[in-house]
Amino acid sequence: MKALKYADFDISVLITTNRTIRRYNSDFRHKDKATDILSFPYHPELSAGKRIKVREPEDKNLGDLIISAEYVLKDAAQLKVTFEKRIKRLLVHGVCHLLGYDHIIDADWRRMRAKEGFLLKLLE
């Protein structure tokens, strides 16, 4: 967060089960299945690379991340990486979503992957 110049901002992280994340995914994305991570930005209008304008103390909230530990464990095993490595990547991915990055079109995907790569190097 310090490298992103958001060291004094809050993020809520819920580590949960496949059952719980499936419910959130169904309720908010209308996808009735478990997933690895869900991101709920506090500033949904934020564009990638733009700074958050703080007007009120609550503006220092980036948003919420929900991660299924069950899903991450299974993913890590399939990818032959450690749980720690997989969850770091997901946390970085989620933070990028909270900051307005997305991967819907190829150009956005490349921009998001570059930001993720930058952040992951800092965590090594």
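Considering only Ile21, Ile67, Ile52, the Gaussian network model of the chain with Cα springs below 10 Å gives its largest mean-square fluctuation to Ile52.
Let me check against my output: what whole-number percent is the relative contact order of the stretch 10-123, with C-alpha pairs under 8 Å and at least 6 apart?
Numbers: 166 pairs, mean separation 33.5, N = 114.
Answer for the stretch 10-123 is 29 percent.
Between the labelled values (i) 107; (ii) 97; (iii) 118, the entry that holds volume of the Cα convex hull per residue in Å³ as derived from this structure is (iii). Springs between Cα atoms under 10 Å define the GNM used for the chain, and in it the highest mean-square fluctuation of Ile66, Ile105, Ile15 occurs at Ile105. Compared with the dominant Cα axis of the chain, that is its longest principal axis, helix 83-98 is turned about 40°. Taking Cα centre as origin and charging only the Cβ of basic (Lys, Arg, +1) and acidic (Asp, Glu, -1) residues, the dipole magnitude of the chain rounds to 400 debye. The aspartates and glutamates within cross-link reach of Lys74, meaning a Cα-to-Cα straight distance under 17 Å and a gap of 8 or more places when in the same chain, are Asp36, Glu84.
Ordering Thr82, Val95, Leu122 by Cα displacement along the dipole of the stretch 80-124 toward the positive end leaves Thr82 in first place; charges were set at the Cβ atoms of Lys, Arg (+1) and Asp, Glu (-1).
Output the 0 to 90 degree angle, nearest 10, between the alpha-carbon long axis of helix 69-79 and the longest principal axis computed from the alpha carbons of the chain. The helix 69-79 is inclined about 80 degrees to the chain.
The numbers here are math on the coordinates, done by the rules we state, and not lab data. The model shown is predicted, which means the values in this text are computed figures rather than measured ones. Methodologically, a virtual Cβ is constructed for each residue, glycine included, from the backbone with ideal geometry; neighbour enumeration extends over all protein chains shown.
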